[in-house]
Amino acid sequence: MSPSADATSSSSLAEVLSFTNGQIVQEIGYDDDVDLDLRDAIEDLIGDELEDEDTQEIVDAVVLWWRDGDGDLTDAMVDTLRNIEPGAPVWMLVPKAGRPGHVMPGDIQESASIAGLRVMSSVSLAPDWNGTRLASRVN
């Protein structure tokens with residue numbers, strides 16, 4: 001998958017994210033600038049609310065909203081692995097180029113490598129947000 005100028009349609013969101021009903025998905029980095037339509041669509045896909053960043057449950061996936069200036073990206077990526085199923089996806093959502101808080105793809109790649117994650121694909125998920133799928137380690 002490659003980034004596109006248009007956001008992913010809701011009909012293909014399930015295919016892109018690979019989320020299914022009944023999965024437990026943790027959300028990290030929620031703030032007032034997140035795309036609420038995208039959040040709602042994810043919750044519709046899994047049939048439940050997103051778990052907050054303090055959950056102790058083992059989760060099937062993580063959604064990490066991240067903006068330049070949020071702190072240390074590598075540390076945040078390591079934190080996504082705290083209670084995720086081995087091999088489960090981490091979706092890193094960053095503002096698109098030209099928007100406040102944009103994160104350069106090279107920074108994502110470098111931090112992911114240090115954190116033990118691999119960049120798998122990137123796609124436009126919302127009008128202001130791109131998503132990068134990271135593969136977590138398989139134990």
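The values are calculated or read from the model by the stated rules, or taken from the named source; none is laboratory data. In this text, all values refer to a predicted model and were calculated from it rather than measured experimentally. For neighbour counting, all protein chains shown are included, and Cβ atoms are generated from backbone atoms with ideal geometry for every residue, glycine included. Remember, those area values only see protein heavy atoms, side chains included, never the ligands or the DNA or RNA. Shrake-Rupley method; radii C 1.70, N 1.55, O 1.52, S 1.80 Å.
Tell me yes or no: at least one residue of the range 91-104 is of a type in the set (Phe, Trp, Tyr), part of a loop (DSSP other than H, G, I, E, B) and within 21 Å of Asp31 (Cα to Cα).
Scanning the range 91-104, I find no residue that is of a type in the set (Phe, Trp, Tyr), part of a loop (DSSP other than H, G, I, E, B) and within 21 Å of Asp31 (Cα to Cα), so the answer is no.
Filter the range 96-135 down to residues that are surrounded by fewer than 17 Cβ atoms within 10 Å (Cβ to Cβ) and basic (Lys, Arg) and give me whichever is nearest to Glu85 (Cα to Cα).
Of everything passing the filter in the range 96-135, Arg118 is nearest to Glu85 (Cα to Cα).
More than 21 Å from Asn21 (Cα to Cα) and among the hydrophobic types (A, V, I, L, M, F, W, C): which single residue out of Val94, Val62, Val90 fits that description?
Of the residues listed, the single one that is more than 21 Å from Asn21 (Cα to Cα) and among the hydrophobic types (A, V, I, L, M, F, W, C) is Val94.
Could you check how many residues of the range 42-58 are open to solvent by less than 50 Å² (accessible area, probe 1.4 Å) and part of a helix (DSSP H, G or I)?
Selection size over the range 42-58: 4.
Taking the range 98-139, which residues are farther than 24 Å from Arg39 by Cα and among the β-branched types (Val, Ile, Thr)?
Ile114, Val138, listed by residue number.
Does Asp68 satisfy being assigned to a loop (DSSP other than H, G, I, E, B), open to solvent by 20 Å² or more (accessible area, probe 1.4 Å) and at pLDDT 95 or above?
Here the answer is yes, as Asp68 does meet what is asked.
So which residues in the range 71-95 are hydroxyl-bearing (Ser, Thr, Tyr) and crowded, with 19+ Cβ neighbours inside 10 Å?
Selection gives Thr80 alone.
If only one of Arg82, Arg99 is among the basic types (Lys, Arg) and at pLDDT 95 or above, which one is it?
Arg99
Can you name the residue in the range 18-41 that is at pLDDT 95 or above and β-branched (Val, Ile, Thr) and is also most open to solvent (accessible area, probe 1.4 Å) among such residues?
The selected residue is Ile24.
Would the range 106-114 turn up any residue that is touching a residue at least 40 places away in the same chain (Cβ under 8 Å) and either at negative phi or assigned to a strand (DSSP E or B) (or both)?
Yes.
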